[in-house]
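Okay, structure first, notes after.
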Amino acid sequence: MDFNLKEEQQQFADALRRWVDKDYGFDVRHRIVHSQSGVSDLAWSTLVELGMTALPVPEQQGGFDGSAVDLWVVMQEIGRGLVVEPYFATVWGAQFLKLAGNQHHLLEEVASGELKLACALGEKHSRHELSDIKTIASINGEGYRIDGTKTVVVHGAQAGALIVSARSAGAQRDTNGISLFVVPADTPGVSVRDYRTIDGQRAATVQFSHVAVPASALLGKLGGGWEMLDEAADYGASLLCAEAVGAMDALFAATLDYLKTRKQFGTPIGGFQALQHRMADMYIHLEQARSMAMLAAARMSCGDAEERRRVVSAAKVRVGQASKFLGQQAVQLHGGMGVTDELLAAHHFKRLAMIELTLGDVDHHLERFIAQRGFQQHS
């Protein structure tokens with residue numbers, strides 16, 4: 001596999017990094033995180049101007065038709081800069097619209113930056129099993145009615161439309177009978193409770209009470225949404241892996257810089273061999289995670305669902321393990337200040353912890369990896 005970036009990809013990465021370094025520093029981010037909305041309209045407008053919202057959208061809808069590998073490049077910079085705008089949620093939601101193939105007007109709004117999306121998929125009992133759904137979708141005249149509650153909806157309160165999973169048939173945990181809908185956030189019966197998470201991002205609990213949507217709100221076929229949900233979840237997981245690599249990159253660099261400047265006994269502590277060994281171990285974890293994240297992005301377009309699941313789960317496991325190791329080592333090497341709110345490294349550590357818990361943790365993806373037929377045949 002060629003790990004070298006194309007010229008266009010490098011340009012996207014460079015543009016994002018320059019913006020973060022110039023206009024999205026620690027103090028700016030702190031003000032945004034602690035503002036009432038938790039996001040910045042100015043920052044979002046900049047992302048739109050840089051073409052980030054148009055990147056994943058097909059050319060027919062005014063986008064650049066970027067691949068998962070293109071998004072891998074961008075998400076690394078998002079992670080490195082700890083950007084709290086609803087970019088991941090919107091790009092992930094756009095993938096549902098692309099797979100559905102019948103929401104071209106909404107994709108155009110995503111490309112132009114007019115529409116932000118959020119994915120309302122998890123419920124309080126379901127943990128990481130996206131097929132465990134109690135939210136009900138019933139036929140209502142020529143449309144549908146949705147009733148239920150979704151929890152920890154990333155940037156749910158900042159979205160103009162929600163991608164919602166609901167059960168239209170089957171038992172609670174069946175993969176058959178799952179339907180997907182796009183629901184405008186201002187639809188009567190939709191109520192949102194917004195809150196800030198430990199990593200400075202925003203999430204929400206979204207309740208649907210007798211929410212009526214037209215037939216055109218259905219994504220794909222009624223009761224046949226599982227394959228789309230499964231594929232889009234893998235796409236989202238691959239984006240998170242890329243973001244985690246960017247955050248680990250920044251955390252490693254910050255720790256290395258600290259070891260070069262912090263002195264004990266009149267010498268920089270980076271000169272101590274024991275700490276050099278720990279930094280070497282951190283670097284190995286980082287590079288292994290980077291390779292697996294890149295492989296996951298590349299396999300998103302392979303056309304083999306089993307191969308996609310296998311590689312994405314392997315990447316989520318390796319990235320999750322690396323995130324925990326790098327985060328803990330960085331905190332210890334910084335000493336007590338490693339967990340203070342004043343230190344950027346602490347914020348990277350918190351973001352890495354949240355990424356590990358989003359769309360399946362290490363244990364969940366280990367089980368999923370083992371359950372794949374290819375593993376069982378070669379075990």
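Each residue in the range 4-30 was checked for being among the small types (Gly, Ala, Ser) and either without any contact (Cβ under 8 Å) to a residue 24 or more places away in the chain or under 12 Å from VAL83 (Cβ atoms) (or both), and 1 of them qualify. Only one of the numbered conditions (1) of a type outside the set (Lys, Arg); (2) modelled with pLDDT of 95 or more; (3) open to solvent by 10 Å² or more (accessible area, probe 1.4 Å) is violated by SER67, and that is (2).
Residue-level analysis places GLU287 outside the set of residues that are assigned to a helix (DSSP H, G or I), acidic (Asp, Glu) and open to solvent by less than 50 Å² (accessible area, probe 1.4 Å).
Looking at the structure I just gave you, is MET1 at pLDDT 95 or above and of a type outside the set (S, T, N, Q)? Spelling it out, it is not the case that MET1 is at pLDDT 95 or above and of a type outside the set (S, T, N, Q). In the range 197-213, the residues that are assigned to a loop (DSSP other than H, G, I, E, B) form Cβ pairs under 6 Å with partners that are among the aliphatic types (A, V, I, L, M) and open to solvent by 20 Å² or more (accessible area, probe 1.4 Å), at six or more places apart or across chains, as follows: ASP199/MET354.
If you go through the range 1-51 and pick out every residue that is over 24 Å from ASP194 (Cα atoms), of a type in the set (Asp, Glu) and open to solvent by 70 Å² or more (accessible area, probe 1.4 Å), you end up with 6.
Taking the criterion of being over 24 Å from the mean Cα position of the chain (by Cα) and either open to solvent by 40 Å² or more (accessible area, probe 1.4 Å) or under 30 Å from SER37 (Cα atoms) (or both), the residues of the range 174-185 that qualify are ASP174, ASN176.
Checking the structure you have, find out if any residue of the range 294-303 is surrounded by fewer than 21 Cβ atoms within 10 Å (Cβ to Cβ), small (Gly, Ala, Ser) and in a helix (DSSP H, G or I). Yes, because at least one residue in the range 294-303 is surrounded by fewer than 21 Cβ atoms within 10 Å (Cβ to Cβ), small (Gly, Ala, Ser) and in a helix (DSSP H, G or I).
Residues that are under 25 Å from ALA232 (Cα atoms) and touching a residue at least 40 places away in the same chain (Cβ under 8 Å) do occur in the range 281-289.
The values are calculated or read from the model by the stated rules, or taken from the named source; none is laboratory data. Quantities reported herein were computed from a predicted structural model and do not represent experimental measurements. Note that each Cβ is placed from the backbone with ideal geometry, even for glycine, and that neighbours are counted across all protein chains shown. When the accessible area is computed, the model is the full protein with side chains, heavy atoms only, and any ligands, DNA or RNA have been set aside. Shrake-Rupley method; radii C 1.70, N 1.55, O 1.52, S 1.80 Å.
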